[in-house]
1. Going by the conditions given, is MET78 crowded, with 17+ Cβ neighbours inside 10 Å and at pLDDT 95 or above?
2. Does SER25 satisfy the criteria of being touching a strand residue (DSSP E or B) at 6+ places or on another chain (Cβ under 7 Å) and within 15 Å of ASP73 (Cα to Cα)?
3. Please state which one of ALA75, ALA98 is free of Cβ contacts under 8 Å to residues at least 40 places away in the same chain, of a type in the set (A, V, I, L, M, F, W, C) and on the phi < 0 side of the Ramachandran plot.
4. Could you figure out which of (1) under 14 Å from the mean Cα position of the chain (by Cα); (2) open to solvent by 30 Å² or more (accessible area, probe 1.4 Å); (3) at pLDDT 95 or above isn't true of ASP62?
5. Against the definition (modelled with pLDDT of 95 or more, of a type in the set (A, V, I, L, M, F, W, C) and more than 18 Å from VAL12 (Cβ to Cβ)), how does ILE70 come out, yes or no?
6. Assess whether VAL34 counts as being assigned to a strand (DSSP E or B), over 20 Å from SER121 (Cβ atoms) and either touching a Lys or Arg at 6+ places or on another chain (Cβ under 7 Å) or open to solvent by less than 30 Å² (accessible area, probe 1.4 Å) (or both).
Amino acid sequence: QVQLVESGGGLVQAGGSLRLSCAASGRTSSMIHVGWFRQGPDKEREFVAVITWSGGATLYADPVKGRFTISRDNAKNMVYLQMNNVKPEDAAVYYCAAGPRGGSASLNYYYWGQGTKVTVSS
């Protein structure tokens with residue numbers, strides 16, 4: 001089992017920056033891919049970004065490319081999502097997820113955190 005705990009959410013002004021953190025514990029050896037998803041009000045959960053735990057390869061959803069950066073610190077079992085030039089449409093609950101397959105499909109991820117809420121003021 002892998003436990004994931006997100007933090008760093010809060011209120012940010014449009015155009016501002018925020019960094020989300022995901023702390024992993026437990027059987028982290030099974031965390032081949034760690035991703036971020038988000039779910040806005042009255043929206044379905046959507047893929048944001050993913051990183052491979054070993055090599056650091058990344059994949060981003062088109063709406064966040066060039067603005068968000070996913071990174072990891074293997075020694076600390078942490079994954080981060082740096083959000084720059086935040087837009088009102090980025091407001092959502094952000095979830096950290098881990099699993100063996102990665103990609104943009106939520107079904108590929110076995111472990112999920114409880115989420116951290118990001119609110120954007122315009």
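The values are calculated or read from the model by the stated rules, or taken from the named source; none is laboratory data. Just so we're clear, the structure is a prediction, and the values are computed from it rather than from any experiment. Cβ sites come from the backbone with ideal geometry, for glycine too, and all protein chains shown count toward neighbours. Just the protein is used for accessible areas: all its heavy atoms, side chains included, with ligands, DNA and RNA removed. Shrake-Rupley method; radii C 1.70, N 1.55, O 1.52, S 1.80 Å.
1. In short, no.
2. Answer is yes for this residue.
3. ALA75
4. With (1) under 14 Å from the mean Cα position of the chain (by Cα); (2) open to solvent by 30 Å² or more (accessible area, probe 1.4 Å); (3) at pLDDT 95 or above applied to ASP62, the lone miss is (1).
5. no
6. Criteria met by VAL34.
Let's see how each residue does on (1) assigned to a loop (DSSP other than H, G, I, E, B); (2) exposed (fewer than 13 other Cβ atoms within 10 Å of the Cβ):
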{"site": "LEU4", "(1), (2)": "no, no"}
{"site": "GLY16", "(1), (2)": "yes, no"}
{"site": "CYS22", "(1), (2)": "no, no"}
{"site": "SER25", "(1), (2)": "no, yes"}
{"site": "GLU44", "(1), (2)": "yes, yes"}
{"site": "GLY56", "(1), (2)": "yes, yes"}
{"site": "ASN85", "(1), (2)": "yes, no"}
{"site": "TYR94", "(1), (2)": "no, no"}
{"site": "GLY102", "(1), (2)": "yes, no"}
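A quick yes/no check of all residues on (1) of a type in the set (Asp, Glu); (2) free of Cβ contacts under 8 Å to residues at least 24 places away in the same chain:
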site: GLY16; (1), (2): no, no
site: TRP36; (1), (2): no, no
site: GLU44; (1), (2): yes, yes
site: GLY56; (1), (2): no, yes
site: VAL64; (1), (2): no, no
site: ILE70; (1), (2): no, no
site: ALA92; (1), (2): no, no
site: SER121; (1), (2): no, no
